[in-house]
Structures are given as C-alpha cells and as structure tokens.
1. Using Cα pairs closer than 8 Å and at least 6 residues apart in sequence, work out the relative contact order for segment B:230-488, in percent.
2. Stokes-Einstein D for segment A:359-456 at 37 °C, 0.692 mPa s, Kirkwood Rh over Cα pairs, in µm²/s?
3. Report ³J(HN,Hα) in whole Hz for each residue of segment A:92-103, in order, from the Karplus equation J = 6.51 cos²θ - 1.76 cosθ + 1.60 where θ = phi - 60°; Gly and Pro get x.
4. Suppose each label sits 7 Å from its Cα in the direction of the beta carbon; what would the B:ASP317-B:GLN158 distance come out to in nanometres?
5. Separation between the A:ALA182 and B:ALA166 pseudo-spin-labels, each 7 Å from Cα along Cα→Cβ, expressed in nm?
6. Distances from B:ALA299 to the same position in the other copies: list them in nm, one decimal, shortest first, using label points 7 Å from Cα along Cα→Cβ.
7. If you average 1/r over all unlike Cα pairs in segment B:104-170 and invert the result, what Kirkwood radius do you get in angstrom?
8. Could you give the spread of the C-alpha atoms of segment B:134-229 along their three principal axes, from largest to smallest, in whole angstroms?
There are 2 protein chains.
Amino acid sequence: MLSESLRHDALASRLMSAEEAASLIRPGSVVGLSGFTRAGDAKAVPAALARRADAAGLGLTLATGASLGHGTDGALAEAGALARRYPFQVDPRLRRAINAGEVLYLDHHLSETADLLRAGHLPRPDVVVIEAVAVHGQGIVPTTSVGNSAAFLEHGPQVIVELNAAQPAALEGVHDIATPAAWGKRLPLGILEPADRVGLPYLPLDPRNILGVVRTEAEDSPAKAEPVDATKAAIAGHLLEFLAREVRQGRLTSSLAPLQAGIGSVANAVLGGFANGPFSRITMYSEVLQDSTFDLIDAGRLVFASGSSITLGQRQDALRDFARYRDRLVLRPQEITNSPEVLRRLGVIALNTALEVDIYGNVNSTHVNGSDMLNGIGGSGDFARNARLSVFVTPSVAKGGALSRIVPMASHVDHGAQDVDVVVTEQGLADLRGLAPRERAERIIGQCMHPDFRPLGRDYFRAACRRGGHAPHLLEEALSWHLRAQQTGSMLPAARRRAG
Amino acid sequence: MLSESLRHDALASRLMSAEEAASLIRPGSVVGLSGFTRAGDAKAVPAALARRADAAGLGLTLATGASLGHGTDGALAEAGALARRYPFQVDPRLRRAINAGEVLYLDHHLSETADLLRAGHLPRPDVVVIEAVAVHGQGIVPTTSVGNSAAFLEHGPQVIVELNAAQPAALEGVHDIATPAAWGKRLPLGILEPADRVGLPYLPLDPRNILGVVRTEAEDSPAKAEPVDATKAAIAGHLLEFLAREVRQGRLTSSLAPLQAGIGSVANAVLGGFANGPFSRITMYSEVLQDSTFDLIDAGRLVFASGSSITLGQRQDALRDFARYRDRLVLRPQEITNSPEVLRRLGVIALNTALEVDIYGNVNSTHVNGSDMLNGIGGSGDFARNARLSVFVTPSVAKGGALSRIVPMASHVDHGAQDVDVVVTEQGLADLRGLAPRERAERIIGQCMHPDFRPLGRDYFRAACRRGGHAPHLLEEALSWHLRAQQTGSMLPAARRRAG
C-alpha cells in the first residue's frame, strides 16, 4: 500500500475511506480543515460528513484557513452539520444560514486565528483534516495552500490526511512552514524580503497523531471566472496610471513594492497591466496567487511571489507544469503572509475591494445594509492597516446604476479612513494621502462617485458642512440612501431615476 | 555661556530669545514640535509664535508627537496661526476650530506619522522645535517625551532647541532612540521584552542644523486631575476581577503581559488595583507613563515600564527624584512604542477608553454624533489591533444618565468588533472572545448597558433579529438614539425619562 506519496510504513494500515474517516468525528467537535480561497481544501471527508445520517445533529465548529471549494461549506450548512464557522467563507448557502442566525460565524482578521487558538481564546480543534501531496515520518506535505493548517496541528489534535493524487507532486518544496511561539515568547520573523524562507517544507507532525489516510483524486475548484468588463478595465487603468506617476515622482521605484492583491478580476486586471508600463522586477507578498501571478512570471516582470494559496482559473496549466514556477514561489501559513510585523517592514502595496466607501473614506468590506454578511473581512484589515499604500477599489454603482457604492455614511465600517490611502472607481482615482476629512470628501465625491449620484452627494456634504463638524454628517440623512434602496430598490430619488 | 546642559562650543553664539526663534519661522512652514500627552513639549517658541503680530497669516502646518500642554494648541488656533494640525490634539479651543472647518486636522494612528513623513506622503517639517535637558556635539537629549522628534529630524530641517532648566538633568539616559529605515529596507526591531534597548540615549543631530537655542524654565503641564468616582472604581473592579480569573484559569500568568493603558483616571485606577491582588513582576509597554506607573514601582509590583512620555499629576515628586526610577524606565519614539511588530510579538494587554460602543462591539473613540472630533484616535488602534487582549472601558451613561454610551449602532467606528475583546462599564464586563455578533449583543446589552436603557436595547436587538442578518440592524432606527438626544437632550424617550 505504500507509494511515492505515502512514505511512512505505519500509515499503510490506516488507509480508510472518506466515510470511515468522517465517522470518526464526534458530534460537537471542533474540526479544522486545510483550505484557503478554494485551494488545497480537504474535500472528501467533509463531503462524507455532510452525507452522514446524523449530520443535522453534529453541531460542529468548523475552522479553516479561508474559503473552501467544492460547495463543501454549502453542503455542510444545508445538512445542518454546522453550529459555528470561522474565520472566512464565501458560500451562498452558508451565507444564508449565517444571516438567518442558524450558523454562528466568527469573522476574523486572517492573521489572528492562529494566535486566538494558541492563547486559548478559542476552543482548539479536536480533529484536523489536511489535504496532502505526501505524508512521511516527519509530517505532511500540503498541496496548493497552507492556511491555518500548521496552527491547527500545534495542539495535538487527531489528524486525517487526504492524499490527493490529482495535486502535482512538484508542489513539494514550495512550502515554508514556520510557527511563531506564543505571545511574549516569540522571536522576530526573519523575513526581510518576499523570497526569504524561515521554516520547513512540510507541516511537522508526529505520524502517531494520524488517525487515518484517505486517498482522493480531485482538482481544486477553479477560481470563479469574472470577465474584465469596461468598468474593471477602467479601474485598473486609473490605478496603473497612478502607480506609474508615483514611480516618475520618485515615491516608488520601478519595482514598486511587494504587492498584495485581493481575489478577483479587478486585481487580475491590475496585475495584468504590469506586463506593460514602466514596471520591472516586481515581487508579491500576498495571500492568494492567481492567474496574473503566473502571467507576470511568464512575461518576465515578476521575480518572486509569496502567498498562502494558489487559486487558478484559466491558468490550470501552471499547476501541471509547476516545476517551472516553484523557485519563484513560496506558500506560507496565513499568520505569516498576513503578519503585521512583516507587512509593515516590507511596506506592501495593498489592493482590496470595497463593498461601499463613504464620502470620508471609511470602507465597508463585509456587511450589506450594515446587517447581512457577504463573505468576511479576510486579510483586508491586516494589509490595509500595515501597507505603505492601501488602495480600495469598487465600481461606482451596482444593480444597473440603482445603488451607489460611494455613500454618505457607510452602513458598517471595517476600515477607518486612516487605513485608506487611495479609492478607485471606474470614474477616477482619489488620492487621499495627507488630506483632512472635508478635503477627502471633495475628492471622493468629485473623482469616484458616479455622475448620477454626484449632485446628491454634493448636496449632502454641503448641508452637513453648514451644520459643522470635523467629518460633517447629518445623522437624520446619513443612511437615507440605504433606506431608499431598501424601500424602492434604488438609492436615487424617483425624480432622478432614468427611464427603465 | 556654556553650561552643563549646553555642551557644544559653537552653540553658545546661537542662544536667542523665544521671540527671535519664533521670528525665524516663515509663513506656510511645516513646524514639528516635541511633545506627547502634555510632556516634554516645546513651550516658549510656539507661545511666541502665537504672539507674533502676523500670527493670523502664518498658515502653519503643526506636527507633534501627540497633545501639547500649556494651552499651546489653543493659543495658536485662536491666533489663527494654524492651517493644518496632526497627528493628535486635546485642546478645547483647537477642537472648536477643527470642528468649524478652520483648521484641517489629520487624525493618525500614532505609529504611522513617522512612516508617512519618511515616504513623502506628508510634507516634511521645515523647522523643528525640541525641548531638551542637554545638547551636545552628537545631538539632543530630550526631556519627558520622545514622540515624533527623531522622525522630524530625519529629513534635515532647521532646528531650535528649548533648553529647559526646570526639567531634571537625571532624565539623561532614560531615552532609547532608534529610527527604522524606510519601508523595504528596515531590519527587525530587536525588542523581545519591554526593557530591551535598541538605540541611542539622545536624538542624533549634526549641531550645524541647530539654528537657535532658547533657554527656558517651565514645568510640564500636569495631568488633568480626574477623581476616581464610584463609576470608575467599579469599572476598575470588574476588570481586575476578570484579570485575576484569567490568571487562575491559566490564560495569563501572575505577571500578566506587558500593559498598555490609555490616559486618564480609569487607567490609573486599574493600574492602582494591581498593587493588590495576585499580580507581581508586572511590566508596561505603553505610550504614556502616568502616576500609577510610579505607584506600582514603589509598591514593588512593576519591574519595568516602556513609554513615549511621562505625564504626571499628583506624583510630580517622581520627576524630582528621577534617578531612583531611571533604571526601571525607557522612553522611545512613538513609532516604536506603538509598533505593530513589537506589540504583536509581546502580546500586550491594551486598555483604552471608548466614546461609545455599539451592541456588536464596534467602538467609536473619536467622533461625537459621527461628526465632531473629540481628541483623536491616538494609539488606540495600534494597540487594540495587535494586543493579546484588547479592553475598552466607558461609563455606561453620560450627562447625568441622558446619554447611553452603549448604542444600537455607533455613529462612527474606529475599532471594528474584531479588535475588541472585552467591554467594561460600571454595570459589568462583557467577555466577547470567540463570540458571534448575536452572542456579543446579548452579552453587551446584558452586562454593560445601563438598566435605564437595557429594555430599549433589547427591543432594538430583538426587532432587528426578526428582520435577520449576521449583525442585525434596522437602518431606519439604528441612529435614532443619537437623533433623539440631538432633539431632546436625552436618548431616552419622554415616557422613560426619570423626573429631573
């Protein structure tokens, strides 16, 4: 039963089916899964869990790196298997259960989960399921993500390994696994540039803790294909122009600074833009490595990229030909990709997506109408707070122009104005550095708001200024755009709506 | 003209009056001043600036460490000398000018100003005025604070030294001045515990950059005396009981973890409480060292304290007898006291004051009714985001019970719920660790809200839950308590108000 991927004799007797493995998980358990932005997620065992006859009574706490693929979160939520979930998710069915109050969701800064577990602020995993390309006497070689797997293994849980034959063996060697000691006992992280390695190429684990090994063969769910439409291309264009100007003015060099880019097509379009223009010898210090990472390596523009996962859409070929890229990449635990210490040392350029931005530059990344969870804050706070330059992008409007993404007051705030240097919509770019709130408002309304909403935005701001304040608001009108949309479907007053 | 404090021959010829020094500052200049929480602030030159005949036309940008004493901010604002001010202030007259839109105020995370200057995101100081106990051929020995002085000196400004004979010479040696290199070029900070030193005991400066030396003799403005009333004593009591329980349950040791405490009497009361109870060999890694720091050293409970300033009220004796304390203390630049790298390594316990807290644990530290600046965010974000345990305290009510400090939705958010572990009012303590928003609301309303408001708070939360959401809100009512107070002076509906 031993093979290239199963390198420890004693484990041959622990091969089992996904159903057998799932049956070992007791009701009420805390279960930790590998997986970060649909990459390297445990696949077979959680699916079998959702199929268990008693799934609805399991009351599990489910912890991951970040989002899972394969509809796993949705299947578990629909089966009623979940009581709690952290630290991030993107599944529509789980989202519905969270917003209905059926699953309790803890929306963490992704750098923090490991420390919360280490300190006993959260209950520690009883069982951990990790996808691997290999397992040996010293530990587990993970696949396309690292996430929180190292932190989950710290506290001696029972471990199930999913040995996935569909993941390329060439991934071995790309990982760099280091685990900070507890608060007050840890040393500085020796990462002075994105390529520095500080750990081991596997997740260290005593194989006696491995309860079972499940053989699987299934690819990661691909990144969701979102076309780069004119709006997204315009956002990317404004930002590339701004960065080129920063280079010309000497505030950045042509290699920019290590880049972080949130997931999605705007980020891919911006990064794609670096293939042209005055940029060279670029590096990334990010969470997710996407198609654009590989395009930029191929174009000879990107020299190194550090992340916690590889999540591909069109560029599945990069995984099949992974040996070509391995020396240019490293995959790390998310407490290290998102470490405030490293981020502020490197001075990353952070590029994240806003759900809405208010006229003073406060950003809502998570809560629709202040109430309903969309996905989660993810790493946006880790990066925005500690970046050299924190950029938030959003289309100026949504729902065919009915909703403005630039609003008088955000209905929820994830990122205060101090953490927001630049806002970009397809309308333009607002450089907010060094500006006071009233100046920020002029620029955000003038540069970023859609022309359909700009007169309304100006009216609100002027009326608020007449009443006074550092960041003037009219509390009785501050959320009126949201309320109008809840009542009529549009933030525009009836008189201003365009004929449908 | 040379003396113990003036140790560089060439400077004797540059002694001048405060008026002469002030006359060297040109209209439109960026002026950097020493000073942090009323300590070690430049005193005579800014006062002379405010008296200049053309003060109203100066249009200065004024940068400091944090707040100044001696009414300096107020005098400059009233003279009309200021166009811009950063990164923190507490002066009532300046506050009025900021909220009227007359002075543009940049409210920074206090760790960030130095990097913003270094990167050219902000214009750099043309003239810097630093209070000193001594000046020599290698640089300046500051007095009771360090603040941003080292960062101000980095870019070669003209320098005026205020040599203050009222500050104890024994301060020399307490400072530890290190200046991180630019983003991308800096090394790890070698601070593994609060007592570690990584720099020089003076601000390095080529004396040729010193334009003038002004002799002064004036003590720092004392900390504002706020008595510890029953409310504050109750807050301190709840928190001390909680910390003692954390020690008993093994999540903290009896030496706790390096403490950060915001300024004020609640912090002093809590720290005072450590003189009793199961705590020993305590350390501080904070911004401001207050009376309680010296009380705890005297009581044999505090072994070391690191800060950026010493701001005393009743304990002025500690400065007069400073040699007794010097080896137990270090004063650092604020980018190092507030460094995310060091804070997350040490795992500090952060204790800060909230202006209001919403039912889900989002904290407003700065904006009254979402509009009017009170003081500024200061270091609260640096500490709360990176702490092992982030505690926010506030009385449950203000204005004789008319305003609840626990509200349905905060009118401004400085600290998202992820950065708030524990909320304490005189009513009780809400331990929010590991809880989802709906659970947090139950605990905050139940433990922290004043009984006069609790039924209203429960009604709001239940109605919002019926509508649904992850953190359920009724946008049409979310700010209704604030609006009612704006209209009637009370957040309580007429029917619930107690007879006056």
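The values are calculated or read from the model by the stated rules, or taken from the named source; none is laboratory data. What you are looking at is a predicted structure, and each value in this text was computed from that prediction instead of being measured. Neighbour counts run over all protein chains shown; Cβ positions are idealised from the backbone, glycine included. Each accessible area value is taken on the protein alone, full model and side chains, heavy atoms only, with ligands, DNA and RNA left out. Shrake-Rupley method; radii C 1.70, N 1.55, O 1.52, S 1.80 Å.
1. Contact order relative to length: 16 percent.
2. Rounded, D is 241 µm²/s.
3. Using θ = phi - 60°, the values come out as x, 6, 5, 4, 4, 5, 5, 6, 7, x, 7, 10 Hz.
4. Reported label-point gap for B:ASP317 and B:GLN158 is 4.6 nm.
5. Output for this residue pair reads 4.8 nm.
6. 6.2
7. Value: 13.2 Å, from the Cα pair sum.
8. 46, 41, 22
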